[in-house]
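I have placed the structure first, in the form of structure tokens, so that the comments after it can refer back to it.
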Amino acid sequence: MPIDEEATVPSTDHAVERAATGPASAPGGDTAGRFAALTADLGILYGGDYNPEQWDRATWRDDVRLMGEAGVNLVTVGVFSWARYEPRPGVRDFDWLDEVLDLLHAGGIAVDLATPTASPPPWLGRLHPDTLPVDADGVRLVAGSRNQFSPASRVYRQHALAITRDLVARYADHPGVRMWHVGNELGQICYGDESAAEFRRWLRARYGTIGALNEAWATTVWSQRYADFAEILPPRRMPYHVNPSQALDFRRYSSDQLRTLYREQREAIRAVDASRPVTTNLMGFFALADYWSWAGELDVIADDAYPDPGDPRAPADAALTCDLMRSLGGGAPWMLMEAAVGAVSWRDHNLPKSPERSRLEAVQAVARGADGVCYFQWRAARAGAERFHSAMLPHAGADTRVHDGVRRVGGDLARLRGVVGERVAARVAMLFDWESWWAAEEQAGPTRRLRTLDQLRAWYRVLWDAGVAVDLARPDADLTGYDVILVPQSYLLPTGAATALTEAVARGASVVVGPFTGVADENAHVRTGRFPVLLRDLLGVSGEEWVPLPDDGVPLVLDERWPGAGGRGVPDAGGVGGAAGPRASVLGELLRADGATVLATFADGHLAGGAAVTRVVRGAGVVWYVGTVLPEPLLRDVLVEALDRAAVSGAIEGTSGASGVEAIHRGDTLFVLNHSSESVQVRLDTPAVDLLSGLTWTDVVVVPGGDAVALVPPPA
Ligand code: GLA
């Protein structure tokens, strides 16, 4: 159907958008109910992206048979099918898809049908060059790969909506279609003229007047004062550092613009289908979209995750991403939408992933709240850019180690069906916020080595090792349910967050705050006064200088009240304070204790004698300030003390054997995953049955290296 390019898509109404954004809502009520209805019917979703347009009809039949044999119950179809559906502008060719969907349905495989909007056909860019994205250097990107669209382009959006509407109209009643999938990994950014115009509209909606914008962007600095919104551009290539407030707003705008694309297509689906879940695949800690502001738009949080098999920290980092996904949905079940069965093909050097490791990652996602585990992709491509990416069905076919592993996981997920809908209860919250991350990563500051995600991951690993469940929370979230609140680094701290932390401490919570927190306001302007301005009363300590540390760090002297076991750090007992002792790294702060106990001081250098770590008791609550980057054992001491004070313990009492053991409860099920290669033993208080092996264990359970157990009480 030809489309009216002038009429079908309104410009984004950013004023309405921002008003509608509000605090993060999460899938819940009706929306989570749509996904729950699906998993109640199918159990844990298992499958992957399926690209039938790359294969002939005989292969489709083989695929459906093999999917059934592997326990697959859901495939995502049509993610990159636009050029096949619409070979020429306005033409529609869906007949082949009719056949594919009928075959899948007959084979008992449900379909997550994608809007094909991630990769427009080449004719779109040829006929409408303005639909193509422009990078910060002004280079217009071209067709020949994928993702070649500008999220702001009205013409692109009109065409995307037109194909979406026709697809949905045709398949909304197909019994095999059980879920909708908007686009793919929405993550584009564009600096072109149309994006500039949309950015200006967004800024008008945010600030109202150019005077308010000048104020928020502090344009008195470097003669940047704007007389009119028309003068404003995205932060394209500039002679020197970009205005940090402008950069932050462009990030916000870009995230909102992408979310608009999602909303438009979701609404086109909703107009026809009120009952099936709609989602899109997020990308973990992805820098270009503030998923807190997106979460409420998705019926189920879905994630693509590709932990690097070569990275020893990957299991803990992957767990953190799982916890983020669960937290985005307010604790509701989420789904792992894409993962790699084996190696990916997009790193420089793609280490393999063993079937055991792949299985552990699947169990990990379920243990941490996922009710779906899917992969990119079902059948390995023989051509195209991803021909060397692993798949559930490798080039070599079904008689392979990889595919045996896939079948095994299919069986495991069926055995875990009882956890569907169950939740993970966490008493610890860790604050994380995209806006703060964005602002902290801007050019020009004390150091570029203090990275928000590094801090988050380092703090998280301590909890992961201890088997303590953690939720992620945005800084203005309701924290009333948490007994321990960790703030590894929150550069932009909203006023509400300071209030929430103060209230938490008043009711007895442990709060630990990391360095370079609460530095700036929502415009990325430094809050003046002794820092952290909003938290200094709570912390009982305040600072006046941020001090990057030399490359080899600075030795720390630990007070005798240091929380570590066995006097590890006490100067006389532990011999610290010299070159061999623990060293702070990256950044320190010139602090003054205003009531807090100083637990560690810098031994020399610019900060010699100054406080590095403090603790203060506030009624029933306790607050620690870690004004530097601690080596892992010392960070562990502090965080473990915070957990102990709040009587928060891990899911298991510890293991005899190797480290690298992950433990978490989901509902009544205790998952223990052994990421090491050594067998471990875990003590049990009561007998338990392992859902995965069917074995019953009494006093102790043995988990071989690379294996997992999912323990439930034995049947009465
Ligand atoms: C992402 C994309 C897929 C594919 C994989 C490869 O998940 O959504 O289309 O490119 O990466 O790892």
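The values are calculated or read from the model by the stated rules, or taken from the named source; none is laboratory data. Quantities reported herein were computed from a predicted structural model and do not represent experimental measurements. So basically every Cβ, Gly included, is an ideal-geometry build from the backbone, and we count neighbours across all protein chains shown. Heavy atoms of the whole protein, side chains included, go into the accessibility calculation; ligands, DNA and RNA do not. Shrake-Rupley method; radii C 1.70, N 1.55, O 1.52, S 1.80 Å.
What to note about this one:
- Out of every Cα-Cα pair that the stretch 140-277 contains, those further apart than 23 angstrom amount to 46 percent.
- Residues in the stretch 546-555 carry Karplus couplings, in order, of 9, 10, x, 9, x, 3, 8, x, 9, x Hz; the curve used is 6.51 cos²θ - 1.76 cosθ + 1.60 with θ = phi - 60°, and Gly or Pro positions show x.
- Convex hull volume per residue in cubic angstrom - Cα atoms of the stretch 259-392: 130 Å³
- With protein chains left intact and a 1.4 Å probe, residues in the stretch 428-645 average 36 Å² of accessible area per residue.
- Length-normalised contact order of the stretch 5-417 in % [C-alpha pairs under 8 Å, at least 6 apart]: 20 percent
- Computed log₁₀ I(q)/I(0) - Debye formula, equal Cα scatterers, no solvent, the chain, q 0.07 Å⁻¹: -0.51
- Each Lys and Arg adds +1 at its Cβ and each Asp and Glu adds -1 at its Cβ; summed about the Cα centre, the stretch 5-417 shows a dipole of about 380 debye.
- Structure-based [θ]222 nm, the chain - -39500 (n - 2.57) summed over DSSP H runs of at least 4, per residue, nearest 500: -9500 deg cm²/dmol
- Between the C-alpha center of the stretch 181-219 and that of the stretch 97-163 there is a gap of 23 Å.
- Surface composition of the chain: carbon plus sulfur atoms hold 51% of the accessible area, using a 1.4 angstrom probe and ignoring ligands, DNA and RNA.
- Each Cα pair under 8 Å and six or more residues apart adds its sequence gap; the mean of these over the residue count of the stretch 428-645 is a relative contact order of 20 percent.
- Listed peptides 505-512, 627-634 appear in the order 627-634, 505-512 once ranked by packing, highest mean of other Cβ atoms within 10 Å at the front.
- For the chain, the relative contact order works out to 10 percent when only alpha carbon pairs closer than 8 Å and six or more residues apart are counted.
- Estimated vicinal HN-Hα couplings, Hz - the stretch 479-494 in sequence order (Karplus 6.51, -1.76, 1.60; Gly, Pro = x): 9, 4, x, 10, 9, 10, 10, 10, 10, x, 6, 10, 4, 9, 10, x
- In the stretch 433-483, Rg over Rh equals 1.04, where Rg is the alpha-carbon radius of gyration and Rh the Kirkwood radius from pairwise Cα distances.
- ASP304 long-range amide H proximity, modeled H, under 5 Å: LEU282, MET283, GLY284, MET337, GLU338
- The stretch 5-417: Rg to Rh, with Rh as the Kirkwood radius over Cα pairs: 0.98
- Amide H partners (placed H, <5 Å) of GLY588, local residues excluded: VAL547, LEU549
- Whole-Hz ³J(HN,Hα) from phi, Karplus 6.51 cos²θ - 1.76 cosθ + 1.60, for the stretch 515-525, glycine and proline x: x, 6, 10, x, 6, 10, 9, 5, 8, 6, 8
- The H on the amide N of HIS181, modeled in the peptide plane, is under 5 Å from the matching H of LEU113, ALA114, THR115, THR279, each at least 5 residues off or on a different chain.
- Sorted largest first, the spans of the alpha carbon positions of the stretch 38-166 along the three principal axes are 50, 28, 24 Å.
- Charged-residue dipole, Cβ positions (Lys, Arg, Asp, Glu), the chain about Cα centre, Debye nearest 20: 200 debye
- Probe 1.4 Å, protein heavy atoms only - accessible area per residue of the stretch 655-712 in square angstrom: 42 Å²
- Counting only Cβ charges, +1 for Lys and Arg and -1 for Asp and Glu, the dipole size of the stretch 655-712 around its Cα centre is about 40 debye.
- Placing R0 at 25 angstrom, the Cβ-Cβ distance between GLU678 and THR480 gives a FRET efficiency of 0.05 after rounding to 0.05.
- Selected from ALA383, MET283, TYR46, residue furthest toward positive end of dipole (the stretch 5-417; charges at beta carbon): MET283
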